[in-house]
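Every number here is computed from the coordinates shown, using simple stated rules; none is lab data. None of these values were measured; they are calculated from a predicted model. Here the Cβ is made from the backbone with ideal geometry for all residues, glycine too, and neighbour counts use every protein chain on show.
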Amino acid sequence: MVETPHGDEPLTIRTLTDADLPAFSEVLASAFLIDPSEEFLVEERTVFEPSRSHAVFDGGTMIGTGQLLSRRVVLPGGGPAPAGAVTSIGVAPGQRRRGVLSLIMRAQLELLHEAGESLAILWASEGGIYGRFGYGLGTQVTRVALPRGARFRRDVAVDPAPVRELPRERALPLIRDLYDQVWHTRAGHLDRTGAAWEYHLFDGQERRHGQTGYRFAVHPQAYAVYRAKPDWQERGPRSTVNVHTLAATTPAAYAAILRYLLDIDLVGEVVLRLGADEPLVHMLADPRAAVRTTVDGLWVRLVEVDRALMARRFLVPLDLVLEVGDELCPWNAGRWRLAAGPDGRAEVTRTDAPADLALDVSTLGAAFLGGTRLSTLAGAGRVRECRPGALARASLAFLHDEEPSCLELF
Ligand SMILES: CC(C)(COP(=O)(O)OP(=O)(O)OC[C@H]1O[C@@H](n2cnc3c(N)ncnc32)[C@H](O)[C@@H]1OP(=O)(O)O)[C@@H](O)C(=O)NCCC(=O)NCCS
């Protein structure tokens, strides 16, 4: 239990060292309503980057935490770009709404600015927290629930190679190799270093919620990691298969791993988290078999507007002036000329020319990965078109041929 004073001294903030990890994980556990434990500490240690972590102190007591993992995210049409992956955000109960998170958010953005990193990304525990800090809703995630045995259309090719369940140690090198083959092909996907893999597949009790440990189903060109929740009812078994992650290098292998998951005995329902335009629904003989619920996915914050925009590619040539509002990062605020050529590359430079579109940095963050149309955001009253025609052109240019997807919690 973190004992939290509520003193008169001003709050202080600093970056951390390895020695801070126990206090850091204790604040986090208290913030997330879980019991602190050795296992939770081990989980936090897998990815802890002290020099990119912050804590806020009231006197000598740590009361708030946050860290920036060093990850890379795939951009539309471009390569992977470094991103500060914001995580471990927690403020001890009893210390909230006195500006602790705000201090951390500001310190993180300054750290990234000084390091020359142009993007920050995060998953939000609650959807109302991060918009005020310039984060926009960049991707969405769809929870898909399918009945066991849901059939595919007859024209769906299923790769005939067998799917085998393997022990974790044998599966790991195979699935890492498969992920390495595909991650850079989809905007929104993240690179995965050894530490990130360890965290991704950390299998502590606290993550299980009454389910089995991870099970590894591996096909030569696809894999799925899932948990099962046994459920025996009077009319027979109705267990749930919860898919944690899957990947495939070909459409037929994607069909093979899904077919395997849908045909496991004793199961009532298979639940997956998928990107917005995942092919699965279009493979089903009855698309209505998939019950879908869509929620916010990855939140995106442009820390350096010009460099971030120059790192991605644009779908059609574009030449316009954006007027960007950004209270927290004044270096972003003002007018930028965005000129993208036929190869999709853009030059982004300061300008005094009149604006064609005016929007807040969180709105630009929402459109940045190509997952939310600028025209949709304009419909929400978040983009002002100052020159007729500019919106339609920009909306198209910001898209990509596939929607971005990020399904990895970090
Ligand atoms: C979310 C959390 C980190 C906020 O910390 P905090 O120190 O209370 O935040 P601040 O005092 O800096 O608040 C800044 C602003 O955000 C608002 N805000 C804070 N938490 C909010 C929430 N959960 N939903 C909506 N708005 C929120 C505040 O009202 C304040 O608004 P204002 O500027 O208009 O006054 C804290 O409540 C917490 O630890 N929650 C549990 C763990 C968690 O969810 N962590 C986030 C993981 S992604």
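Counted over the range 248-368, the DSSP beta bridges are approximately 75% antiparallel.
Taking the DSSP bridge list for the chain and keeping only pairs wholly inside it, about 85 percent are antiparallel. Our coupling estimate for the range 267-283, obtained by passing each phi through the Karplus curve with A = 6.51, B = -1.76, C = 1.60 and θ = phi - 60°, is 9, x, 9, 10, 10, 10, 10, 10, x, 4, 10, 4, x, 3, 4, 7, 8 Hz, Gly and Pro reported as x. Adding -39500 (n - 2.57) for every DSSP H run of four residues or longer, then dividing by how many residues the chain holds, sets the calculated 222 nm ellipticity at -7500 deg cm²/dmol. Computed from backbone phi, the HN-Hα couplings of the range 9-20 come to 5, x, 5, 10, 9, 8, 7, 10, 10, 4, 5, 7 Hz, rounded to whole numbers (Karplus: 6.51 cos²θ - 1.76 cosθ + 1.60, θ = phi - 60°; Gly and Pro given as x). Annotation for Thr61 and Arg97: the two label points, set 7 Å from Cα along the Cα-Cβ direction, are 1.9 nm apart. Each label was represented as a point 7 Å from its Cα along the Cα-to-Cβ direction; for Asp319 and His209 these points are 5.2 nm apart. Derived scalar couplings between HN and Hα for the range 80-94 equal x, 10, x, 9, x, 8, 6, 8, 6, 7, x, 10, 4, x, x Hz in order, rounded to whole Hz, by the Karplus curve 6.51 cos²θ - 1.76 cosθ + 1.60 (θ = phi - 60°), x for Gly and Pro. Once Rg and the Kirkwood radius are both taken over the C-alpha atoms of the chain, their ratio Rg/Rh works out to 0.99.
Is any helix in the chain, taking whole DSSP H runs, at least 20 angstrom long along its axis by alpha carbon and on average at least 0.5 on the Kyte-Doolittle scale, and which ones? Answer set is 100-115. Each Lys and Arg contributes +1 and each Asp and Glu -1, all at the Cβ; summed about the Cα centre of the range 304-397, the dipole is approximately 280 debye. Taking label points 7 Å from Cα along the Cα-to-Cβ direction, His113 and Ala19 give a separation of 3.1 nm. Assuming a ≥ b ≥ c are the square roots of the Cα gyration tensor eigenvalues, decide whether the range 124-280 counts as rounded (a/c under 1.5), prolate (otherwise, with a/b larger than b/c) or oblate. It comes out rounded by the Cα gyration axes.
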